[in-house]
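Take a look at the structure set out below.
The values are calculated or read from the model by the stated rules, or taken from the named source; none is laboratory data. No experiment lies behind these values; they were computed from the predicted model shown. Here the Cβ is made from the backbone with ideal geometry for all residues, glycine too, and neighbour counts use every protein chain on show.
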C-alpha cells in the first residue's frame, strides 16, 4: 500500500509540474503577444505621425497610452501583479484625449465636458486612495514571505 501511495504522490508531483509549465508557458506567450501588439500599434501610430509631418495633442496622448500599457506589461512580467494604477492612468489619458477633442470641436462648453472632467477627477481620487492604501496597508507576497 505504501508503494501505491508513493506512486500516487509521484504522479501528482509530475502532473503539478507539467501543469505549472503549461500555465507559465501560456502566461509568457500571452505577455509577449500583448507586448508585441503594443509595440506594433505604437510604431504604426508613430510612423503615421511622421508620415503626416506633424503630431497633434491627440497623437501624443495616444503614445502616452501605449507607453503606460507597455509599462504595465513590463511590471506584470517582472512581478506577476497587475498594477491597477496603470489602468487608471490609461483611462485618465483616454478621457483627456476625449476632453481635448470635445473642447476643440464645440463652440460652447456643455454638460459632457463637465462629466468627462468629473470622471477624470474621480479616477485621480481613486489613484490617491490606491496609493494611500498600498502605502498604509502593504500587501503580503503570495508566497507568505511578507
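Residue under question is residue 13, and the condition is that it be in contact with a helix residue (DSSP H, G or I) (Cβ under 6 Å, 6 or more places away or on another chain) and modelled with pLDDT of 90 or more; does it hold? Reasoning before the result, please.
Numbers: in contact with a helix residue (DSSP H, G or I) (Cβ under 6 Å, 6 or more places away or on another chain): no; modelled with pLDDT of 90 or more: yes.
For residue 13, the condition - in contact with a helix residue (DSSP H, G or I) (Cβ under 6 Å, 6 or more places away or on another chain) and modelled with pLDDT of 90 or more - is not met.
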message: If I filter region 20-32 for residues that are under 26 Å from residue 124 (Cβ atoms) and touching a helix residue (DSSP H, G or I) at 6+ places or on another chain (Cβ under 8 Å), do I get at least one hit?
response: no
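Does residue 75 meet the test of being free of Cβ contacts under 8 Å to residues at least 12 places away in the same chain, assigned to a helix (DSSP H, G or I) and surrounded by 13 or more Cβ atoms within 10 Å (Cβ to Cβ)?
Numbers: free of Cβ contacts under 8 Å to residues at least 12 places away in the same chain: yes; assigned to a helix (DSSP H, G or I): yes; surrounded by 13 or more Cβ atoms within 10 Å (Cβ to Cβ): yes.
So residue 75 fits the description; yes.
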